[in-house]
Amino acid sequence: MTQDVPSRRDLVRGLAAGSLAAGTLATAAAPAAAQQAPQQPAPDAGAAPALSNPRDRFPKPPFPNQSQPWPALQSRMTPVPDCGETSYKGSGRLAGRRALITGGDSGIGRAAAIAYAREGADVAINYLPAEQPDAEDVAKLIREAGRKAVLIPGDLREEAFCARLVEEARQQLGGLDILVSNAAYQHAQQNLADISTEQLDQTLKTNVYAMFWITKAALPHLPEGSAIIVTSSINADRPSQYILDYACTKAANEAFVRGLAKQVVEKGIRVNGVAPGPFWTPLQVAGGQTEQGLKQFGSTTPMGRPGQPVELASVYVELAAASSSYTTGQIYGQTGGVGWP
Ligand code: NAD
Ligand code: MG
């Protein structure tokens, strides 16, 4: 039923949604203002997304057939993923913080990088040399937010590079207090027999070894109050039959989060994970899905569509922010209503 004036239930729904939306301080005020004068924009309405049905907010399947050689560029995807470039509004939640994000050129890492900068953090991103154009877009957006952008291309499958990456980020940012292990490799195969040892190595090195190497290198330098965030997946607990190697690495990501959180709490460092369901990102068009899986991507979720990276931005902000001081060892699921974790 369409209503011009929001009902009480709509307002309550709006409040619940607002607590997770970008620019949380400003969004919480929007429904209250609507209650007083529903036809008038609130004074800070520019910081709040308009209320709308979340099922209808972003592109839905079927998606056009497409594939790119790995690692894909998000600028060449149809539709181009929404990482908050034109929509994310910050409110100073990470003022003065210094973040390193792997896979920060595209998809979910890019949404985190944009949000972190607009929340007041300086940001270093890592990516593969072939992804330079996507990375430069992100650097431009970080600088437009008035923050420092540091670009450090390189291959995370090499231990020596992982150590260098942390050192360079630390030097150039003047320290480090947010570490986001987000890069990953995913390649769909119909059968276990099709997963070569080469693929297994690539998946494990990128998704698990690099997380260990980077965290080991960063830990001695992270001050009290720092946040470590690892991107896992719904596949950690509900594995698809087509990405067995990937699913195993995502389960490892979650075990790492839960165990390391207990180990480093004495140092005053928090460790949390994010477990997305289907999100529209380059990883999916570079072999991450079967052709049919890509066409119908997100269709089996109650939302009826994949998430867009911008819909995760505020989760990465929340887990990094000092206000989440009691939050550690948690996995934040964002699955479009699948009912997990
Ligand atoms: P993405 O392709 O935008 O990001 C993955 C990034 O990993 C790439 O941009 C690339 O820079 C980096 N990468 C891969 N191999 C690398 C290597 N050897 N060295 C350096 N960097 C390397 O895709 P995304 O979906 O945003 O992926 C981000 C995270 O989200 C991953 O951990 C992925 O497992 C997780 N995730 C994604 C989905 C989804 O549906 N897209 C669902 C659950 C979890
Ligand atoms: Mg990329």
Legend entry - Listed residues CYS162, ALA218, ALA135: farthest to the positive end of the dipole of the chain (Cβ charges): ALA218
Inset, instruction - Rounded to the nearest Å, what's the spacing between the alpha carbon centres of the range 254-309 and the range 51-95? Just the number, please. - result: 15 Å
Inset, instruction - Using a Förster distance of 35 angstrom, determine the FRET efficiency expected from the C-beta separation of TRP340 and ASN65, and round it to 0.05. - result: 0.75
Inset, instruction - Might you report the magnitude of the Cβ-based charge dipole of the range 111-200 about its Cα centre, with Lys and Arg at +1 and Asp and Glu at -1, to the nearest 20 debye? - result: 360 debye
Inset, instruction - Determine the alpha carbon to alpha carbon distance for each of LYS148/LYS267; LYS89/LYS140; LYS148/LYS216; LYS60/LYS250 and list only those over 20 Å. - result: LYS148/LYS267; LYS148/LYS216; LYS60/LYS250
Legend entry - Rg followed by Dmax, in Å, when the range 83-334 is reduced to its Cα trace: 16.9, 50
Legend entry - Residue-count net charge about VAL338 - beta-carbon cut-off 11 Å; Lys, Arg +1, Asp, Glu -1: 0
Inset, instruction - Please tell me the relative contact order of the chain in percent, rounded to the nearest whole number, where contacts are Cα pairs under 8 Å and at least six residues apart. - result: 20 percent
Legend entry - Against the rule of thumb 2.2 N^0.38 Å, how large the Cα Rg of the range 180-223 comes out: 1.48
Legend entry - For the range 195-254: relative contact order, % (alpha-carbon pairs under 8 angstrom, 6 or more apart): 45 percent
Inset, instruction - Name the residue, out of GLY104, GLY154, GLY307, whose mean-square fluctuation peaks in a Gaussian network model built on the chain with Cα pairs under 10 Å. - result: GLY154
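Among the GluC sites (Glu not before Pro) in the range 266-338, which ones are in a DSSP loop with at most 10 other Cβ atoms within 10 Å of the Cβ? Mind listing them?
On the way: sites: GLU266, GLU291, GLU311, GLU318; in loops: none.
Here no loop site has a sparse enough neighbourhood.
Every number here is computed from the coordinates shown, using simple stated rules; none is lab data. In this text the structure is predicted, and so the values were computed from the model without any measurement. Neighbour counts are summed over all protein chains in view; Cβ atoms, including those assigned to glycine, are modelled from backbone coordinates with ideal geometry.
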